[in-house]
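Remarks on the structure that follows.
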Amino acid sequence: HQVLSEWWNAVSKPLECLTVNDYEEKDAARLAATTVKCSELAEICSKLPAGGWCYHKIQVQLLEIKGALYYNACAELNGNRSCGREVDEMGECPKCEKAVRVEPRLKIHRGKFGDETDHVRVTVFGEQASRILGIDAVTAERLEQESIQMSDESRTRQRNAVRGAFDKFWLLGLELKEIGSGGNITVSATAYSVEEIVLPSSDAKRARLF
């Protein structure tokens with residue numbers, strides 16, 4: 001932990017919160033995103049105005065994944081809308097109630113990512129999720145269908161397919177906001193960029209999983 005923390009501190013930028021309310025400013029805001037610790041995210045989001053967003057980066061490991069790794073998406077909407085898990089014989093989306101082309105899209109739903117200070121739940125879609133998991137959506141769909149058989153062999157195959165994602169370090173660019181109300185406020189984090197962090201070989205050998 002100490003080796004990785006020292007390396008992170010050396011490459012991190014000073015804390016800065018950049019609030020974005022105009023969608024046209026998103027690209028510039030993402031370029032200006034600074035690197036922070038997981039333990040700082042809640043305080044950063046608490047200072048946002050109502051409906052405000054901010055962009056930051058975190059250097060983390062993947063700690064936990066739950067649920068399905070893909071969903072059926074409307075291809076005509078660039079995969080931004082889920083069509084549910086089932087499509088009837090005519091290809092009609094049960095949500096859109098019209099015939100659409102449906103294709104599987106990768107999704108890590110509220111995966112647990114952490115550094116030495118804390119952890120945060122992050123949702124990662126599409127190509128960014130593929131970089132982390134090391135598989136594509138078609139493979140994720142096939143693995144899940146096989147796991148429905150509930151055989152030990154299929155479950156082991158599913159776990160092994162994404163095992164490498166937990167052994168790597170990631171630089172995640174996050175779009176952040178607060179959700180909820182009253183005493184039930186949490187941080188909503190969606191990854192807009194994913195890069196693998198390659199530690200110097202001497203430090204990588206000494207680094208440990210959190």
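The values are calculated or read from the model by the stated rules, or taken from the named source; none is laboratory data. Here the structure is a predicted model, which is why all the values come from computation and not from measurement. Every residue, glycine among them, receives a Cβ derived from its backbone with ideal geometry; neighbour counts consider all protein chains shown. Keep in mind that these areas ignore ligands, DNA and RNA; they rest on the heavy atoms of the full protein, side chains included. Shrake-Rupley method; radii C 1.70, N 1.55, O 1.52, S 1.80 Å.
Annotations
- Across Lys26/Lys57; Lys112/Lys168; Lys47/Lys112, pairs whose alpha-carbon gap is larger than 19 Å: Lys47/Lys112
- Taking other residues whose beta carbon is less than 12 angstrom from the beta carbon of Lys168, and scoring Lys, Arg as +1 and Asp, Glu as -1, yields -1.
- Computed over neighbours whose Cβ is under 10 Å from that of Glu64, the net charge equals +4, Lys and Arg +1, Asp and Glu -1.
- Exposure of Lys47 as accessible area (Å², to 10), given a probe of 1.4 Å and all protein chains: 150
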